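Computed from the coordinates by the stated procedures, all read-outs in this text should not be read as laboratory data. Quantities reported herein were computed from a predicted structural model and do not represent experimental measurements. Cβ sites come from the backbone with ideal geometry, for glycine too, and all protein chains shown count toward neighbours.
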């Protein structure tokens, strides 16, 4: 029996040390996924703690039909998307695309500007390289739906990257953005 399965069984019996060891194996990956979806350290930490609580409280219902990592990534993605829906946070950026670092920043900001479902697909497939089948399980949608939505997400990302004036990331309402963080109902200071 694999060590992970032994730990799962111990956690199901309420062993806190086994839980610490089991969660410790995934904590960094959970945090990283949450951070990439949310773009905010505090929110990613909150999601990581929420996922820990969900693991502890729901482990008895885990049936080993998929790997624990797949289950945890699905929980993480769903929890992070719930946070996004509540906050609707926007990050504004107007980089000049002269360096690789600027281009990387533009890409990150464009990804963060996508709707939550599109952002999740880009992060899970293009950054984490999850297979379509696993993404479908994580998000509880069909594989064909993943393919279609991923195509749309990539098209929207391309449009954001190509559409900004002076090389900036353009918001969906057509206004160019400046470097600052704010809420969706705020207007940038000119």
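The modelled label-to-label distance between residue 117 and residue 69, using points 7 Å beyond Cα along the C-beta direction, is 2.8 nm. Extension gain for residue 62-residue 148 works out to 28.0 nm (0.36 nm per residue, less the C-alpha to C-alpha distance). Counting 0.36 nm for each residue step from residue 3 to residue 141 and taking away their Cα separation leaves a gain of 46.6 nm. The smallest convex shape that holds all Cα atoms of segment 3-87, its convex hull, gives 84 Å³ per residue. Applying 0.36 nm per residue to the separation of residue 126 and residue 32 and subtracting their alpha-carbon distance, the gain on full extension is 32.4 nm. When peptides 116-122, 11-17 are ranked by their average number of other Cβ atoms within 10 Å per residue, the highest-first order is 116-122, 11-17. In terms of the mean number of neighbouring beta-carbon atoms within 10 Å, the peptides 29-36, 52-59 order highest first as 29-36, 52-59.
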